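The structure appears below as structure tokens.
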Amino acid sequence: MENLLYSSAIQIAAAIAKKEISPVEVMQASLERMTATEPLLNCFVTPLPDEAMAAARAAERAVMSGEGLGPLHGVPISIKDLIAVGDVRITFGSRSMANNVAAADAPSVERVKAAGACIVGKTTTTEFGCKAAGDSPLSGTTRNPWNLSKTPGGSSLGAASSVAAGVTPFALGTDGGGSIRTPSAFTGLFGVKAQFGRVPVFPASSTPTLAHVGPLARVVRDAALLLQVVSGHDRRDPFSVSGPVPDYVAACDDGVKGMRIAWAPTLGYARPDPEIVSIAEKAIKMLEGLGCDVTLADDFIGDDPFDLWVSEFYAGVGTRLQSVLRGNPETLDPAVAEVLRPALGQSLEAYYANVFRRYEFREKVRAKFEPIDLLLTLTTPVTAFDVEIDVPRDLVDKNIISWQYYTYPFNLTGQPAASIPVGFTSAGMPVGLQLVAKINSEVDIFRCAAALESALPWAQVKPPFPI
């Protein structure tokens, strides 16, 4: 069943539609893989094997009765535990929410179900998505299938690790500062957050002006298809983008000749590992060979905007957790509690000064994008680091998020951004390249990502996993 487990979602759905394989067989393989890998990886906080098999049987009946099938019919998928699945626990990775049950499906979950996908479980997250390393007080440590001593990153840690290990071909994660892109880079996946509001978020996030829902996948077209399924306006989300959803799958065939690309190895302030820069530069040269016009624009942003991000993100989560911080702080991840307190201690004047500085930053970056189609950066300054530490050892002067130099700026601007694998270090760990598009221009990401995938295929390289 190994070939099935590492097949793409598009291949699985096509085989099911042709009656070449049963949704029940697919789900059995997925759940067996989950059972085998879970003791080593710890990806799922709430497995849903009974519900998954019931959904697979219903999918099989639909196939056999000749019903119309959705684009994800019978395909296994997981949902990060910051996204609501009705009548299932939504814990936010926190002991304070261990028994919390969602009243209804989030819009993205409604849509994957309507498209025929079968949910295998809720994946682990750091506490309220507050850090980029792979653990929480509730679920413990999640590990990276490329090296079990390393973290898969965060906060979509269980989503990334399980997809890389072949449990499902794709997953839904969230991204408020890099939480899809960082674990995708650390585990050798393609992960994308679309334009802010492209995928509606409901119930409201703790960080409602920063949070995105999006796919992590082993191949670009699977992510394109899943993003197409979950995108589109929903009146429950006041930020939801109205208008037609672009055809992301078709964009994968459009090529990159003539694209204008800026390459920024540091953005003006980051301190990356030179080996990662060297690997990324090979991908940049490959894009030049495919007909892209590439310019070096290293000082693209200039000053680090982290203070703007932290002011908004941690104030939002801290407000949600005020009662826990005051009454039961020992139940929280100590690293999370440490960053929430100063954010809550901001004066109203200081907070709103940063809000307006964020608008100024967004306009500055928008103007920088006018002459280009894509900005390319590293996704992370390092590859996956040891489990059970919160900050890479070479960046100990940074905090639990600030070492993610490249990702959080584009949550502040709301622009589409993705991470794509472009190679491996000498230690065998995946390296991610970040692709950032203009506002509402996700199609340019998929054009470039599909071209890079063809030139530098990675999906056939599987983790050296003991199972």
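Brief remarks on what is shown
- Residues satisfying the stated conditions in the range 343-391, i.e. among the charged types (D, E, K, R), within 30 Å of residue 256 (Cβ to Cβ) and part of a loop (DSSP other than H, G, I, E, B): 370, 373
- Selection status of residue 38, surrounded by fewer than 24 Cβ atoms within 10 Å (Cβ to Cβ), of a type in the set (Asp, Glu), within 24 Å of residue 10 (Cβ to Cβ) and without any contact (Cβ under 8 Å) to a residue 60 or more places away in the chain: no
- Looking across 59, 106, 52, one residue alone is over 23 Å from residue 160 (Cβ atoms), touching a residue at least 40 places away in the same chain (Cβ under 8 Å) and either touching a strand residue (DSSP E or B) at 6+ places or on another chain (Cβ under 9 Å) or among the polar types (S, T, N, Q) (or both). It is 59.
- Extreme residue, nearest to residue 454 (Cα to Cα), among residues of the range 238-278 that are part of a loop (DSSP other than H, G, I, E, B) and charged (D, E, K, R): 253
- Only one of the listed residues (451, 418) is assigned to a helix (DSSP H, G or I), in contact with a Leu (Cβ under 7 Å, 6 or more places away or on another chain) and crowded, with 19+ Cβ neighbours inside 10 Å. That residue is 451.
- Filtered residues of the range 173-211 (kept if farther than 23 Å from residue 147 by Cα and of a type in the set (A, V, I, L, M)): 192, 194, 199, 201, 204, 210, 211
- Of all residues in the range 279-323, those that are in a loop (DSSP other than H, G, I, E, B) and under 17 Å from residue 408 (Cβ atoms) total 6.
- Matching residues, the range 11-44, being β-branched (Val, Ile, Thr), part of a helix (DSSP H, G or I) and more than 23 Å from residue 158 (Cβ to Cβ): 16, 24
- Condition met for residue 343 (under 22 Å from the mean Cα position of the chain (by Cα) and either surrounded by 14 or more Cβ atoms within 10 Å (Cβ to Cβ) or among the aliphatic types (A, V, I, L, M) (or both)): no
- Residue 423 fulfils the conditions (1) assigned to a loop (DSSP other than H, G, I, E, B); (2) within 30 Å of residue 38 (Cβ to Cβ) except for a single criterion, (1).
- Being among the aliphatic types (A, V, I, L, M), touching a Lys or Arg at 6+ places or on another chain (Cβ under 7 Å) and either free of Cβ contacts under 8 Å to residues at least 40 places away in the same chain or under 28 Å from residue 272 (Cβ atoms) (or both) holds for only one residue in 189, 210, and it is 189.
- Test: residue 306 is buried (at least 18 other Cβ atoms within 10 Å of the Cβ) and more than 23 Å from the chain's Cα centre (by Cα): no
- Residue 3, sole failed condition from (1) in a helix (DSSP H, G or I); (2) at pLDDT 95 or above: (2)
Residues checked against (1) among the acidic types (Asp, Glu); (2) under 25 Å from residue 23 (Cβ atoms); (3) without any contact (Cβ under 8 Å) to a residue 40 or more places away in the chain:
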residue: 127; (1), (2), (3): yes, no, no
residue: 134; (1), (2), (3): no, no, no
residue: 138; (1), (2), (3): no, no, no
residue: 160; (1), (2), (3): no, yes, no
residue: 175; (1), (2), (3): yes, no, no
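- Any hit, the range 210-230, residues being farther than 23 Å from residue 127 by Cα, part of a loop (DSSP other than H, G, I, E, B), of a type outside the set (Gly, Ala, Ser) and modelled with pLDDT of 95 or more: yes
- Residues being assigned to a helix (DSSP H, G or I) and either over 15 Å from the mean Cα position of the chain (by Cα) or hydroxyl-bearing (Ser, Thr, Tyr) (or both) - total across the range 116-164: 3
- Any hit, the range 57-64, residues being crowded, with 19+ Cβ neighbours inside 10 Å and outside any helix (DSSP H, G or I): no
- Single match in 467, 420 (criterion: of a type in the set (Val, Ile, Thr) and at pLDDT below 95): 467
The values are calculated or read from the model by the stated rules, or taken from the named source; none is laboratory data. Please read all numbers here as calculations on a predicted model, not as lab measurements. With ideal geometry, Cβ positions are generated from the backbone for all residues, glycine too; neighbour counts draw on all protein chains shown.
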